[in-house]
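The values are calculated or read from the model by the stated rules, or taken from the named source; none is laboratory data. The structure presented is a predicted model; accordingly, all values stated were derived computationally and were not measured. Here the Cβ positions follow ideal geometry from the backbone for every residue, glycine too, while neighbour counts run over all protein chains shown. The accessibility values were calculated without ligands, DNA or RNA, using every heavy atom of the protein model including side chains. Shrake-Rupley method; radii C 1.70, N 1.55, O 1.52, S 1.80 Å.
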Amino acid sequence: MGVFEFEKFAAGTMDVANALAKLTKDGATTIIGGGDSVAAVEKAKVADQMSHISTGGGASLELLEGKVLPGVAALNAKPVAVA
């Protein structure tokens, strides 16, 4: 993985993106998290071949780890009656 924004450094990142696309096609679940990672798979034109894409990088990882995210907890909370 490299500085994919510059063509002469992009090959490794594009290879990883393409490998992930192939893995998804073969049945693997691929999760792309974080703005730069999303930009990389979009530049490689394989974003639509991933299982899930989130621009929430660190938050996505925490959710996958099973941590409670405040925003998700608020959405899951019971509604409070307002008088």
Share of carbon and sulfur in the accessible heavy-atom surface of the range 1-68 [1.4 Å probe, %]: 58
Percentage of interatomic Cα-Cα distances in the chain larger than 19 Å: 49
Leading residue at positive end of dipole, the chain (Cβ point charges), from 29, 82, 61: 82
Percentage relative contact order, the range 29-76, counting C-alpha pairs under 8 Å, at least six apart: 38
Per-residue [θ]222 nm for the chain (sum of -39500 (n - 2.57) over DSSP H runs n ≥ 4, rounded to 500): -13500 deg cm²/dmol
Per residue accessible area in Å² of the chain, where ligands, DNA and RNA are left out and the probe is 1.4 Å: 72
Cβ-Cβ FRET estimate between residue 25 and residue 3, R0 fixed at 35 Å, reported to 0.05: 0.80
Derived scalar couplings ³J(HN,Hα) [the range 37-45; Karplus, 6.51 cos²θ - 1.76 cosθ + 1.60; whole Hz; x for Gly, Pro]: 5, 5, 4, 5, 5, 5, 4, 6, 6
Lys, Arg +1 and Asp, Glu -1 on Cβ, resulting dipole of the chain about Cα centre, debye, nearest 20: 200
Cut-off under 5 Å, modelled amide H: who pairs with residue 10 long-range: none
Length-normalised contact order of the chain in % [C-alpha pairs under 8 Å, at least 6 apart]: 22
Accessible area (Å², 1.4 Å probe, nearest 10) - residue 46: 10
